[in-house]
Each structure stands twice: as C-alpha cells, then as structure tokens.
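Undergrad: Mind looking over this structure? Questions follow.
The values are calculated or read from the model by the stated rules, or taken from the named source; none is laboratory data. Note that this is a predicted model, so its numbers are computed, not measured. As a convention, Cβ positions derive from the backbone with ideal geometry for all residues, glycine included, and neighbour counts pool all protein chains shown.
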Amino acid sequence: MSFPRQIQTARLVLRDPRPADAPAVFAFASDPAVLRHLGWRPHADEADSARHIGHELHRWLKGSAWSWVLAWREGPQAGQVIGQIELQPQSHPAAEAHHLRLGYLLARAHWGQGLMGEAVAAVLDAALAQPAVWRVDALCDLDNAASARLLSRLGWQAEGVMRRAIVHPQVSDVPRDVSVWARVKG
C-alpha cells in the first residue's frame with residue numbers, strides 16, 4: 001500500500017512527522033483534554049514526543065501504520081503543527097489490508113473550526129483510492145459527542161457499539177464502550 005507523504009486541504013498540509021516537530025507535538029500531546037478519548041497518556045516532556053515521532057516514522061517505514069501531522073498551509077501560522085491523523089491496517093500483511101482504522105487528535109485551541117473534518121475527508125479519500133482498501137472505520141468513545149458529530153457530518157455510518165473495548169486512561173482504567181463508525185467502497 002502506498003500513501004502520499006503529503007496531502008493538502010483548503011487550510012492544512014498533512015505531512016509525515018519530523019523530529020523537529022517534537023515541541024509542537026508536545027504542546028498538544030501533553031494536554032489531558034486532547035487525549036481524553038485516546039488510549040495513551042499525556043507526554044511528560046518533549047523527549048516523549050520525540051520518541052512518539054520516531055515510533056510513527058518507524059511504523060510508516062514498516063507499512064504498519066501511516067501517520068500525518070496537521071500543519072497550517074498558509075498565513076502567519078503556516079507550517080505550525082496542530083494535530084495528527086493516522087490510518088492503521090486491521091489485517092496482516094498490511095500491504096494487503098482491506099480494512100483500515102482511522103484515529104486523530106487536534107490541539108484544543110483549534111477545536112470547532114472544521115479543521116479535523118478537512119483532514120478526515122482527505123485521508124479517507126486517500127485510503128479509499130487504494131485498490132485493496134474496502135473499509136475505513138473509527139472507534140468513538142460513547143461520551144465523545146464532538147467526534148461522533150464530525151463522523152456523522154462526513155457521511156460515516158454508525159454500525160453499533162463495542163462494549164468494554166478500549167481503555168481511555170484520562171477517563172478510567174476500566175475499558176470503555178465505543179461506537180464503531182465506518183465508510184466503505186461500493
């Protein structure tokens with residue numbers, strides 16, 4: 001499977017993460033509110049963010065996941081990294097995966113501006129353009145109404161609830177119920 005290293009939307013550039021992005025990544029990856037509905041804990045320092053970036057680059061090279069940072073495309077903030085989005089194959093080998101899972105996060109200062117909708121739509125288009133890919137889904141904590149609204153607005157279908165499926169450590173150490181949202185080809 002081959003994904004572009006850079007994708008442009010009206011306001012954003014989605015590009016592969018770089019070691020120099022560690023300070024910007026730390027700014028949102030250290031915020032418990034941003035990570036509230038994700039399965040990882042806030043970064044303690046920029047070194048955690050640098051390791052995270054290294055891990056993402058390694059996964060891209062192995063083809064076990066594809067991750068892009070979200071950066072402003074133009075204006076005074078051009079190039080500023082404000083979030084991340086990724087696709088992860090749900091079958092092996094990844095090169096033949098027909099099912100990908102989407103995940104994303106955005107710095108709190110940029111919530112409510114439609115930016116993640118742009119990014120999700122662009123990554124979905126890139127995913128479904130892959131001949132082997134037939135399904136892209138996302139898991140959404142039942143308490144994450146903003147994410148559910150975003151997916152619904154973009155035409156994703158709610159397929160049901162997976163009970164006790166994922167631990168979101170900012171909420172609880174007990175596995176949480178999540179809704180499954182999907183887009184499929186054909």
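Undergrad: How do the pairs read when you match residues in segment 81-96 that are within 14 Å of D137 (Cβ to Cβ) with residues anywhere that are assigned to a helix (DSSP H, G or I) and modelled with pLDDT under 95, using Cβ under 9 Å and keeping only pairs 6 or more apart or on different chains?
TA: E86/R59; Q88/R59; Q88/A94; P89/A95; P89/E96
Undergrad: Is it the case, given these coordinates, that V133 is hydrophobic (A, V, I, L, M, F, W, C), under 20 Å from I85 (Cβ atoms) and not in a helix (DSSP H, G or I)?
TA: yes
Undergrad: Looking at A126, A47, A109, A146, which is the one that is under 20 Å from R5 (Cβ atoms) and out of contact with any Pro (no Cβ under 6 Å at 6 or more places or on another chain)? Write out each step before concluding.
TA: Working: A47 fails: under 20 Å from R5 (Cβ atoms); A109 fails: under 20 Å from R5 (Cβ atoms); A146 fails: under 20 Å from R5 (Cβ atoms).
Just a single option satisfies the conditions, and that option is A126.
Undergrad: Is there any pair with a first residue in segment 51-73 that is among the acidic types (D, E) and a second that is part of a loop (DSSP other than H, G, I, E, B) whose Cβ atoms are under 9 Å apart and which are 6 or more apart or on different chains, and what are they?
TA: Sorted first by the residue in segment 51-73, then by its partner, the pairs are E56/D16; E56/P17; E56/A65.
Undergrad: Can I ask one more? Please enumerate the residues belonging to segment 3-37 that are assigned to a loop (DSSP other than H, G, I, E, B), touching a residue at least 24 places away in the same chain (Cβ under 8 Å) and polar (S, T, N, Q).
TA: Once the filter is applied, which keeps residues that are assigned to a loop (DSSP other than H, G, I, E, B), touching a residue at least 24 places away in the same chain (Cβ under 8 Å) and polar (S, T, N, Q), segment 3-37 yields only T9.
Undergrad: Where residues in segment 89-125 are touching a Phe, Trp or Tyr at 6+ places or on another chain (Cβ under 8 Å) and surrounded by fewer than 19 Cβ atoms within 10 Å (Cβ to Cβ), which of them is modelled with the lowest pLDDT?
TA: That would be H98.
Undergrad: What tally of residues in segment 5-28 results from selecting those that are aliphatic (A, V, I, L, M) and in contact with a strand residue (DSSP E or B) (Cβ under 8 Å, 6 or more places away or on another chain)?
TA: If we filter segment 5-28 for residues that are aliphatic (A, V, I, L, M), which is where we start, we get 7, 10, 12-14, 20, 22, 24-25, 27.
Of the ones still in play, those that are also in contact with a strand residue (DSSP E or B) (Cβ under 8 Å, 6 or more places away or on another chain) are 7, 12-14, 24-25.
Selection size over segment 5-28: 6.
Undergrad: When the residues of segment 128-186 are filtered to those that are in contact (Cβ under 8 Å) with a residue 60 or more places away in the chain and among the hydrophobic types (A, V, I, L, M, F, W, C), which remaining residue is surrounded by the most Cβ atoms within 10 Å (Cβ to Cβ)?
TA: Filtering segment 128-186 for residues that are in contact (Cβ under 8 Å) with a residue 60 or more places away in the chain and among the hydrophobic types (A, V, I, L, M, F, W, C), the one surrounded by the most Cβ atoms within 10 Å (Cβ to Cβ) comes out as C140.
Undergrad: If you don't mind, another one. Out of curiosity, is Q77 among the polar types (S, T, N, Q), more than 17 Å from the chain's Cα centre (by Cα), surrounded by 15 or more Cβ atoms within 10 Å (Cβ to Cβ) and part of a loop (DSSP other than H, G, I, E, B)?
TA: No.
Undergrad: Another question, then. Hey, can you tell me all the residues within segment 38-72 that are surrounded by fewer than 16 Cβ atoms within 10 Å (Cβ to Cβ), assigned to a loop (DSSP other than H, G, I, E, B) and not acidic (D, E)? Reasoning before the result, please.
TA: First, the residues of segment 38-72 that are surrounded by fewer than 16 Cβ atoms within 10 Å (Cβ to Cβ): 39-41, 44-45, 47, 51, 54-55, 57-58, 61-64.
Now narrow it down to the ones that are assigned to a loop (DSSP other than H, G, I, E, B): 39-41, 44-45, 63-64.
Scanning segment 38-72 gives G39, W40, R41, A44, G63, S64.
Undergrad: Checking the conditions here, which among A127, A148, A121 is touching a strand residue (DSSP E or B) at 6+ places or on another chain (Cβ under 6 Å), under 16 Å from L14 (Cα atoms) and part of a helix (DSSP H, G or I)?
TA: Answer to the selection: A127.
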